[in-house]
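What follows is a set of notes on a single structure, which appears directly below.
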């Protein structure tokens, strides 16, 4: 008998903003390529771990957002945290600092390269 699961998308819907989740869905092909992921939002999580993972995720995101100046949107950090949390907390991959920084820079460049995406994450969209 298999244990009950939820998708990472379902998990994230409770811990990040709807706009961040929507942008994460839009960016999934790019993120999958940058991070060499077979699956992102459809990854399965054990349902019994959902509450503990949600607490760790929200604590981490809260600490990150607290460091941001008031005029900086937390949305990019919601997206970065969602991807890195899947890699390092859920999948248990080792953290390779140089690679992590390079991936973040590449993903940030994707944000800047798309005018609509950039305006959404910087809070300048109408």
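So, in the stretch 35-53, of the ones that are in a helix (DSSP H, G or I) and more than 13 Å from the chain's Cα centre (by Cα), which residue ends up farthest from residue 76 (Cα to Cα)?
Among those residues, the one meeting the criterion is 48.
Scan the stretch 57-72 and give yes if some residue there is touching a residue at least 60 places away in the same chain (Cβ under 8 Å) and surrounded by 16 or more Cβ atoms within 10 Å (Cβ to Cβ), otherwise no.
No; the residues of the stretch 57-72 include none that is touching a residue at least 60 places away in the same chain (Cβ under 8 Å) and surrounded by 16 or more Cβ atoms within 10 Å (Cβ to Cβ).
We did not get these values from a lab; they are worked out from the coordinates using the rules stated. Owing to the predicted nature of the structure, the values given are computational and were not obtained by experimental measurement. All Cβ positions, even for glycine, are placed from backbone atoms using ideal geometry, and neighbour counts span all protein chains on display.
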